[in-house]
There are 2 protein chains.
Amino acid sequence: MATPFRIVFALYPRVTQLDFTGPYEVLARMPGAEVIVASTDGGELASEMGLSFARLTRLSDIAACDMIFVPGGPGQTDAMLDTRFMAEVTRLGRSARYVAAACTGSLILGAAGLLKGKRAGSHWAYRELLAAFGAVPDSARVVHDGGAFTGGGVTAGIDIALRIVADIAGAGTAKEIELMLEYAPEPPFGCGRPESAEPATVAAVRERFAAFAAERRSAIERLTGGANA
Amino acid sequence: MATPFRIVFALYPRVTQLDFTGPYEVLARMPGAEVIVASTDGGELASEMGLSFARLTRLSDIAACDMIFVPGGPGQTDAMLDTRFMAEVTRLGRSARYVAAACTGSLILGAAGLLKGKRAGSHWAYRELLAAFGAVPDSARVVHDGGAFTGGGVTAGIDIALRIVADIAGAGTAKEIELMLEYAPEPPFGCGRPESAEPATVAAVRERFAAFAAERRSAIERLTGGANA
C-alpha cells in the first residue's frame, strides 16, 4: 500500500454518527492512513441525534483520495438529492481505488453510479432499494466486490472497516486493531437482524422506520425514473 | 423511569471517540433520554485520533443528572489529574442515580471515589489499576454493580449502553435499539481479548500501549499515595 493512504469520510446533515465514528476509529489506526472528514460546506455538521462535529474539510477542496467512505442515516435521502454533494461523491469515488459505505451510505454510492453490477449491502430495512441503482443486494454483514466495501446497518461499519484494513494493510494489522479496541462484542439480546429478532421487535422497528422508508423509496423512484424500483 | 432521564457524557481532550459515540448512539435512542455532551470548557473538543466535536455544554452549567457516563482514552490520565474536570465529575457523579464508563473511563470514576467497594471493568490492558481506587476489577464485558455500569475497552461501550437501556427502560426497548443499529457483530478475527488473540498480536499491542500504561500507573500512584497500587 502506498502511503499516505487517503480516506475521505463524506458526511452530510442528519448522518447516523455511529455509521461514521465506528469505521473512523478503526481506519484512523491503520498505519499510513490519512483520514479526512469532509462535507459539502466543511466546518460544523449536526448528526441525526444532535451530536455535532467540528473542523470538517470541504469536499471540493480534496483533489483526490484512495478511498471514499459514505455513512448512512436519515439524512441520506436529502444527501442523495443534493446535486452539490453528489457531484463531489461522484468525482472522488470515480478516481478512488476503493469506495466504501456503512448502512444506507451504499444508496449514495449507488446513486453516484459507483455500484453498477456489484454485490452490495445496506441496512436490513433498505437493502433491496440497492437494486434500483443496478447493484445486487447482498445480505452479508460485510460485502466486498472488487473495489467496493459495503455491508449491513450502523454497527456493521466496524466490521467493514476491519475487513478493509485486513485487505489493504494485512491481517496482522487488523488483528491488532481488533484487540486494541477490545472488539469482542456481546450483544445482550442477539436480535440485531430481523431473522433473529422477535416479531414484535421487528414490527416496532419497521413502524418507526416507515416514514424514512417511504421517503427513500420515492426519492429513488424520482432519481431512476422508476426503471428498476 | 422519570423523564426526561438526563445523561451527561463527560468528555476531555484526547478521549477515544468510539468509547463515547458507541454508547451515545444507543442511549440517545432511549425514549425519554436527554443526552448532554459536556466538557470542562464546553465548545469544541478534539479526540484522540483528531476527530473534533462541536457545541459541547460546560460541565459546570449542568445542575444535576440521572447518569454520568465517562469514556476512556489516552487523555484519561491528564483528565484524572485535572482538578477542575474531576470536581465536576465528582459533583455530578455523587448526585446521579447511576455512574457509567466505557474503557478507562472507569479509572476516572474510580479517582472520583465513585467505585469504592464495587466490582468494575476497564480496558483489558488497564483493568487491574482499578484496585488502587478500592474497586474490584472484573473481567466481564459489562459489569453492573448497584448504580455503576462499567465494562471492557472501547467497543464494550455499545454493550454497556444496551444493558443500561434494558435496566432503565426495559428489555423491549433495548431489543428495538439492538435491531435498529443492526447490532449483529462479526469480528473478522475473533481476537478482541488477549485470551483469544495470538501471542504476537498481544505483544504488539502491549508494546504500543507501554507508554500509556507507565503514565497511567505513575499518575495513579501519585493520586493514591501508592497505598493500593
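Coordinate-derived values only; no laboratory data. What you see is a predicted model; the values in this text were computed from it and never measured. Quick reminder, even Gly has a Cβ in these numbers, built from the backbone with ideal geometry, and neighbours come from all protein chains shown.
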Exercise. Every other copy gets compared here: list the nm distances from the A:Val136 label point (7 Å along Cα to Cβ) to its counterparts, shortest first, one decimal.
Key: 5.6
Quiz item: Can you list the HN-Hα couplings for the range B:19-24, worked out from phi with the Karplus curve (6.51, -1.76, 1.60; θ = phi - 60°), rounded to whole Hz and with x for Gly and Pro?
Solution: 4, 9, 5, x, x, 4
Practice problem: Between copies, how far apart are the A:Gly50 label points? List them in nm, one decimal, shortest first, with each point 7 Å from Cα toward Cβ, please? | Solution: 3.0
Exercise. Any chance you could check the Cα centroid distance between the range B:77-123 and the range A:155-229 for me, in angstrom?
Key: 32 Å
Quiz item: What nm distances, shortest first, do you get from the label point of B:Glu186 to those in the other copies when the point sits 7 angstrom along Cα to Cβ?
Solution: 2.3
Quiz item: Which cross-chain or sequence-distant (5 or more) residues have an amide H under 5 Å from the amide H of A:Ala148, H modelled 1.01 Å from N in plane?
Solution: A:Val99
Exercise. Could you please report the charge total around B:Val205, scoring K, R as +1 and D, E as -1 over all other residues with beta-carbon less than 14 angstrom from its beta-carbon?
Key: -1
Quiz item: What residue among B:Ala135, B:Ala210, B:Ala184 has the largest mean-square fluctuation in a Gaussian network model of chain B, using Cα springs under 10 Å?
Solution: B:Ala184
Quiz item: Based on DSSP, what percent of beta bridges with both residues in chain B are antiparallel, to the nearest 5?
Solution: 25 percent
Self-check item: Amide H contacts under 5 Å for A:Ala120, placed H, 5+ residues apart
Solution: A:Val136, A:Asp138
Quiz item: Per-residue mean of other chain beta-carbon atoms within 10 angstrom of the beta-carbon, peptide A:153-165?
Solution: 4
Exercise. For n ≥ 4 DSSP H runs only, could you compute -39500 (n - 2.57) per run for chain B, divide by its residues and tell me the 222 nm figure to the nearest 500?
Key: -12000 deg cm²/dmol
Quiz item: Taking the Cβ of A:Arg14 as the center, what net charge do the other residues with Cβ under 11 Å away carry, scoring Lys and Arg +1 and Asp and Glu -1?
Solution: -2
Self-check item: Value of relative contact order over chain A, rounded to a whole percent, pairs C-alpha under 8 Å and six or more apart
Solution: 18 percent
Self-check item: Bins of 10 Å from zero: percent of alpha-carbon pairs in the range A:5-186
Solution: 11, 43, 37, 9, 0
Quiz item: Just B:Ala161, B:Ala54, B:Ala87 to compare: in a GNM of chain B, with alpha carbon springs under 10 Å, which one fluctuates most?
Solution: B:Ala54
Quiz item: Distance from the Cα centre of the range B:1-42 to that of the range A:8-60, in angstrom?
Solution: 19 Å
Exercise. Calculate the mean, over all residues of peptide B:142-152, of how many other protein chain Cβ atoms lie within 10 angstrom of the residue's Cβ.
Key: 1
Quiz item: Which whole number gives the average, over all residues in B:193-200, of C-beta atoms from other chains lying within 10 Å of the residue C-beta?
Solution: 3
Quiz item: Among bridges DSSP assigns within the range B:21-134, what percent are antiparallel (round to 5)?
Solution: 35 percent
